[in-house]
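See below for the structure under consideration.
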Amino acid sequence: MLRHKAYRFRIYPNKAQQIQITKTIGCARFVYNHFLDLWNTTYSKTGKGLSYHSCSAMLPKMKKREETKWLKEVDSIALQSSLENLADSFSGFFNKQTKKPRFKSKKYTVQSYTTKYVNNNISITGNKLKLPKLGYVKFAKSKEPRGHMLNATIRKNPSGKFFVSILCEEKIPALPKTESAIGIDLGISDFAVFSNGQKEDNHRFTSKMEKKLTREQRKLSRRALLAKKRGINLLDAKNYQKQRQKVARLHEKVMNQRADYLNKLTTEIIKNHDIICIEDLSVKGMMKNKKLAKSISDVSWSSFDSKLQYKADWYGKELIKVDRWFPSSQICSECDHNDGKKSLNIREWICSSCGSHHDRDVNASRNILAEGLRQLSQA
Ligand SMILES: [Zn+2]
């Protein structure tokens, strides 16, 4: 399995390099706009657009022409990428997936250009990054990019900071097979209950921090109210602004904790099982009640779902989404008898047909497993 991953770093170009980057961004934009214009006129005259190749073939002539010979001074791959980008935009437009490409303006908040990896033109030595036409640029290497490089996008943000995003391709070996299949029931009090009886308590990653966050958010709205009463603009209300930053930091912490927890949990599941069955979230969503707790778990559920999906793809495992609604907590996983509706406070029950003793959620996850395996056998 090939994985594509972008590694972002802050770069610290010197004065000359900064000028070169700005120039390249300008040239890439010029080329984009020039050919967008040409594309539009050709289209209105002939009813046919251009192509990446027809545009790219015109570049060498432009570099010789007096009025555009400055295009020679920048990374030629960046100009070609700009044309590829334009051609992609047009095919997106013709396939009705995107809007008609528009002219790029100098005023765009993010200014960037993309260059491609060819013959070692991009490389890392210590804390220096070699880029075409720029040479070695100092950068903050916070992690080691893995795999082989495909391209690098150099960005300048409105405050004048520079960043690079290096896209790498990495081959990931499949994980060893375990011959194990598991069903998972997602819930609110227990985040996940497994058909083997394992339970993942929601509180482990929510309660403490989230309570604190709710408290601080309440404090924030009180301060907003107070400022309003005193007729102070919120932008000038120091106490309010201080609290706003505190809430933002706390919120980020909660999100990071949760992402961390979900990453560990999904990796564990993918490592231990070959077939993983869960309910399709769009189906599951319909049956749950509308409460605040729901919206919180929804975010985690969908993040859990997507992490499981891409990890299953990476490591050669199978994720099956049970897409048929069925009352998984009413059906006895031992004998298939439907024992009737059970209110949420009933956590355990005994099947009236076969006498099996069930934990409500474990029983549900066993039914999800059985249904998933049934779907798999019919696929
Ligand atoms: Zn039964």
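Nothing in this text is a laboratory measurement; each read-out follows from the coordinates by a stated rule. From a predicted model like this one, the values you see are computed outputs, not experimental measurements. Note: ideal-geometry Cβ built from the backbone for every residue, glycine included; neighbour counts use all protein chains shown.
Considering all different alpha carbon pairs of region 224-288, the Kirkwood hydrodynamic radius works out to 16.0 Å.
Sequence-ordered 3J(HN,Hα) estimates for region 20-27 from the Karplus curve with 6.51, -1.76 and 1.60 and θ = phi - 60° stand at 5, 4, 4, 4, 5, 4, x, 5 Hz, glycine and proline given as x.
Straight-line reach from LYS211: taking Cα to Cα under 22 Å and skipping same-chain neighbours fewer than 8 places apart, the lysines in range are LYS219, LYS242, LYS246, LYS253, LYS290, LYS291, LYS294. Across region 34-48, rounded Karplus estimates of 3J(HN,Hα) from the backbone phi angles (6.51 cos²θ - 1.76 cosθ + 1.60, θ = phi - 60°) give 4, 7, 4, 4, 4, 4, 4, 5, 4, 5, 6, 7, 10, x, 10 Hz, Gly and Pro being marked x.
Give me HIS34, HIS273, HIS337, HIS357 ranked fewest to most by other Cβ atoms within 10 Å of their Cβ, as a rough exposure proxy. Don't jump to the answer; show the numbers that get you there.
Details: HIS34 19, HIS273 23, HIS337 15, HIS357 10.
Ascending Cβ contact count within 10 Å gives the list HIS357, HIS337, HIS34, HIS273.
Note that region 249-261 has calculated 3J(HN,Hα) couplings of 5, 5, 4, 4, 4, 4, 4, 5, 4, 5, 4, 4, 4 Hz, one per residue in order, obtained from phi through the Karplus relation 6.51 cos²θ - 1.76 cosθ + 1.60 (θ = phi - 60°); glycine and proline are x. Stretching GLN217 away from LEU38 to a fully extended chain increases their span by 59.1 nm, per 0.36 nm per residue minus the current alpha-carbon distance. Overall form of region 141-263: oblate. Here a/c, set by the Cα gyration tensor axes a ≥ b ≥ c, is 1.5 or more, and a/b is not larger than b/c. By its C-alpha gyration tensor, with a ≥ b ≥ c as the square roots of the eigenvalues, how is region 1-110 shaped: rounded for a/c under 1.5, else prolate for a/b larger than b/c, else oblate? It is oblate, given that a/c is not under 1.5 and a/b is not larger than b/c. On the principal axes of its alpha carbon atoms, region 45-144 extends 53, 36, 30 Å, with the longest extent given first.
Classify region 77-204: rounded, prolate or oblate, from the alpha-carbon gyration tensor (a ≥ b ≥ c, eigenvalue square roots; a/c under 1.5 rounded; otherwise prolate if a/b is larger than b/c)?
On the way: a/c = 2.20, a/b = 1.67, b/c = 1.32.
Prolate, because a/c is 1.5 or more and a/b exceeds b/c.
Are there GluC sites (Glu not before Pro) in region 171-239 that DSSP puts in a loop and that have at most 16 other Cβ atoms within 10 Å, and which ones?
Numbers: sites: GLU179, GLU200, GLU210, GLU216; in loops: GLU179.
Of the GluC sites (Glu not before Pro), the ones in loops of region 171-239 whose Cβ has at most 16 other Cβ atoms within 10 Å are GLU179.
Each part reduced to its alpha carbon centroid, region 76-145 and region 238-284 end up 31 Å apart.
Amide H to amide H, with H built 1.01 Å from N, LYS130 comes under 5 Å of SER123, ILE124, THR125, VAL137, counting only residues 5 or more places away or on other chains. Summing Cβ point charges (Lys, Arg +1; Asp, Glu -1) relative to the Cα centre of region 189-256 gives a dipole of roughly 720 debye. Only DSSP H runs of four or more residues enter the estimate; each adds -39500 (n - 2.57), and after division by the residues of the chain the mean residue ellipticity at 222 nm equals -15500 deg cm²/dmol. By a straight-distance test (C-alpha under 16 Å), which lysines pair with LYS271 as possible cross-link partners, with residues fewer than eight away in the same chain excluded? Within reach: LYS177, LYS307, LYS311, LYS317.
Taking amide H atoms as placed 1.01 Å from N in the peptide plane, the amide H of ASN151 lies under 5 Å from those of TYR117, LEU167, each 5 or more residues away in sequence or on another chain. Computed from the alpha carbon atoms alone, the convex hull of the chain holds 233 Å³ per residue. With the simple model of a label 7 Å out from the Cα in the direction of the Cβ, ASN256 to LYS138 spans 2.5 nm.
Net length available on complete extension from GLU169 to SER105 is 19.9 nm, with 0.36 nm assigned per residue and the Cα-Cα distance removed.
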